[in-house]
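Undergrad: Here it is, the structure in full.
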Amino acid sequence: MYQYIHGGDIYSVKKLTGRQEILDFSSNVNPLGLPESVKEAVIRSLDECTNYPDPFCRDLVAALANYEYTDPEYILAANGAAEIIFRLALALKPKKALIFAPTFADYEKALHTVDCSVEYYFLRPEHDFSAREDLLDQISPGLDLMIICNPNNPTGQLCSRAFLQKVLAKSQEIGAIVMIDECFMDFVEDKEQFSVQNCIEQYKNLVILKAFTKIFAMPGFRLGYALTSNKKLLEQMRSAGQDWSVSTPAQMAGIAALKETVYLQQTKQLIQTERRFLIDSLLGLGLQIIGSRANYIFFRTQRTDLTEKLIKRGIMVRPCSNYVNLNDEYFRVAVKSREDNLKLSAALRDVICDESSHGHC
């Protein structure tokens, strides 16, 4: 039977528990929720749904080009970031690819659809799961594609732009494409030190992956995009899927979202404050915090039964045991509102400090 391996499956938990109200910390979306302007744009778009969506997403791409300060010919919109990953695999049909371990599972899933051999760069717990210079040693002739999640999921660790430029330069020498997933970059403080967005002109082998999913709290719309100056590759990716993958409501939602500058400022302030609050709360419970530079907290605990204990309290977290190179001691939780973060902290305290389970608080 097919196994769903991501967070955010509130539907299965509702069915399992019989609860209709689930507090979902397993999915890392903006706690401010969907902007009102986006909801209004979607309602207005309904009259247009009697027509096919614009296959080129012209208005959306124009808005994205303005938002990202780039050429509209460098942009491909798609049905979520995940579709871009699969389109890239189909367009390139790589024979050998390199990914981090642990990292987002759909990279490997997409690569396996084209029978690509996957090699891992193992992130070490003794190095707090950070990438190091020895990554460059694995970039050698025969490598077709490398995918780096920055900040990485689930660790929340970052690679500096200077380090990634070394990766890009060496990959370019051997003819390898590098996809850098920046879907969580908008939650990062001082993101200019880490984003490689200003490198797309310099490196034709660079593809940047971004999405509306997390930062604008719209995972249900499925809207993502690629940025690359490699126009040939972009056309190959465009050909590697259906023409109408981005619905009219999704296109209109994206255009409206990109105007939400105040919302983005409020998001950065909220995440900065609540990330610190949640980290301090979890540290106070004796949990080991690692990385966690985005809008989620990655931690380690001996309490491997957290998922089950918290589900009984109506709270979902993301167990990380199904990530390559992690075991059942690792978990990830989203940064949410103060009210929700307090509920999680209280529930964790109940579980971890339960005398019958020999907790220590």
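The values are calculated or read from the model by the stated rules, or taken from the named source; none is laboratory data. Note that the coordinates shown come from a computational prediction; the quantities given were computed from them, not determined experimentally. Please note: Cβ atoms are built from the backbone with ideal geometry, for glycine as well, and neighbour counts cover all protein chains shown. What goes into the accessible areas is simple: the full protein's heavy atoms, side chains included, and nothing from ligands, DNA or RNA. Shrake-Rupley method; radii C 1.70, N 1.55, O 1.52, S 1.80 Å.
Undergrad: Specify the residue that is farthest from Phe184 (Cα to Cα); the eligible residues are those in the range 215-263 that are of a type outside the set (A, V, I, L, M) and touching a Cys at 6+ places or on another chain (Cβ under 6 Å).
TA: This residue is Thr248.
Undergrad: Can you tell me which of Gln165, Gln172 is touching a Cys at 6+ places or on another chain (Cβ under 7 Å) and more than 28 Å from Tyr330 (Cβ to Cβ)?
TA: It is Gln165.
Undergrad: For Leu283, state whether it is open to solvent by 60 Å² or more (accessible area, probe 1.4 Å), at negative phi and of a type in the set (A, V, I, L, M, F, W, C).
TA: For Leu283, the condition - open to solvent by 60 Å² or more (accessible area, probe 1.4 Å), at negative phi and of a type in the set (A, V, I, L, M, F, W, C) - is met.
Undergrad: Looking at the range 326-355, which of its residues are assigned to a loop (DSSP other than H, G, I, E, B) and open to solvent by less than 60 Å² (accessible area, probe 1.4 Å)?
TA: Selection gives Leu326, Glu329, Val335, Lys336, Ser337, Cys353, Asp354.
Yes/no matrix, rows are residues, columns are (1) of a type in the set (Phe, Trp, Tyr); (2) open to solvent by 50 Å² or more (accessible area, probe 1.4 Å); (3) touching a Ser or Thr at 6+ places or on another chain (Cβ under 8 Å):
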residue: Ala81; (1), (2), (3): no, no, yes
residue: Ile85; (1), (2), (3): no, no, no
residue: Leu98; (1), (2), (3): no, no, no
residue: Val114; (1), (2), (3): no, no, no
residue: Phe122; (1), (2), (3): yes, yes, no
residue: Pro141; (1), (2), (3): no, yes, no
residue: Asp144; (1), (2), (3): no, yes, no
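Undergrad: Tell me which residues, restricted to the range 29-65, are part of a helix (DSSP H, G or I) and without any contact (Cβ under 8 Å) to a residue 12 or more places away in the chain.
TA: Glu36, Lys39, Ile43, Asp47, Thr50, Arg58, Ala62, Ala65
Undergrad: Counting only residues that are under 19 Å from the mean Cα position of the chain (by Cα) and closer than 30 Å to Tyr120 by Cβ, how many does the range 52-109 have?
TA: 25
Undergrad: How many of the residues making up the range 16-46 are over 26 Å from the mean Cα position of the chain (by Cα) and at pLDDT below 95?
TA: Looking only at that region, the number is 5.
Undergrad: Another question, if that's okay. Does the range 146-164 hold any residues that are more than 17 Å from Asp134 (Cβ to Cβ), open to solvent by 20 Å² or more (accessible area, probe 1.4 Å) and not basic (Lys, Arg), and which are they?
TA: Leu158
Undergrad: With the checklist (1) surrounded by fewer than 16 Cβ atoms within 10 Å (Cβ to Cβ); (2) at pLDDT 95 or above in hand, flag the one item Asp106 doesn't pass.
TA: For Asp106, the failing item is (1).
Undergrad: Next question, about the same structure. State which residue is surrounded by the fewest Cβ atoms within 10 Å (Cβ to Cβ) when the search covers only the range 230-266 and only residues that are closer than 22 Å to Pro55 by Cβ and among the hydroxyl-bearing types (Ser, Thr, Tyr).
TA: Residue satisfying both the conditions and the ranking: Ser239.
Undergrad: Then there is this: Please specify each residue of the range 128-152 satisfying the condition of being assigned to a loop (DSSP other than H, G, I, E, B) and either more than 22 Å from Ala89 (Cβ to Cβ) or in contact with a strand residue (DSSP E or B) (Cβ under 8 Å, 6 or more places away or on another chain) (or both).
TA: Asp128, Phe129, Ser130, Ala131, Arg132, Ile139, Gly142, Leu143, Asp144, Asn150, Pro151, Asn152
Undergrad: Residues that are aliphatic (A, V, I, L, M): which strands (runs of 3 or more DSSP E) entirely in the range 161-256 hold 3 or more of them?
TA: Fully inside the range 161-256 and qualifying: 177-181, 206-211.
So that you can scan it fast, the table gives a plain yes or no per residue for (1) assigned to a loop (DSSP other than H, G, I, E, B); (2) touching a Phe, Trp or Tyr at 6+ places or on another chain (Cβ under 6 Å); (3) free of Cβ contacts under 8 Å to residues at least 60 places away in the same chain; (4) charged (D, E, K, R):
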site	(1), (2), (3), (4)
Glu73	no, no, no, yes
Ile84	no, no, no, no
Ile99	no, yes, yes, no
Val114	yes, no, yes, no
Tyr121	no, yes, yes, no
Glu126	no, no, yes, yes
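Undergrad: Just give me the residues in the range 198-221 being in contact (Cβ under 8 Å) with a residue 40 or more places away in the chain, touching a strand residue (DSSP E or B) at 6+ places or on another chain (Cβ under 6 Å) and not hydrophobic (A, V, I, L, M, F, W, C), in sequence order.
TA: Answer for the range 198-221, where residues must be in contact (Cβ under 8 Å) with a residue 40 or more places away in the chain, touching a strand residue (DSSP E or B) at 6+ places or on another chain (Cβ under 6 Å) and not hydrophobic (A, V, I, L, M, F, W, C): just Lys210.
Undergrad: Looking at the range 302-311, is at least one residue open to solvent by 10 Å² or more (accessible area, probe 1.4 Å), part of a loop (DSSP other than H, G, I, E, B) and either under 24 Å from Val29 (Cβ atoms) or touching a Cys at 6+ places or on another chain (Cβ under 8 Å) (or both)?
TA: no
Undergrad: Give the range 288-304 a look and list any residue that's touching a residue at least 24 places away in the same chain (Cβ under 8 Å) and within 16 Å of Ile352 (Cα to Cα), or say none.
TA: Phe299, Arg300, Thr301, Gln302, Arg303, Thr304
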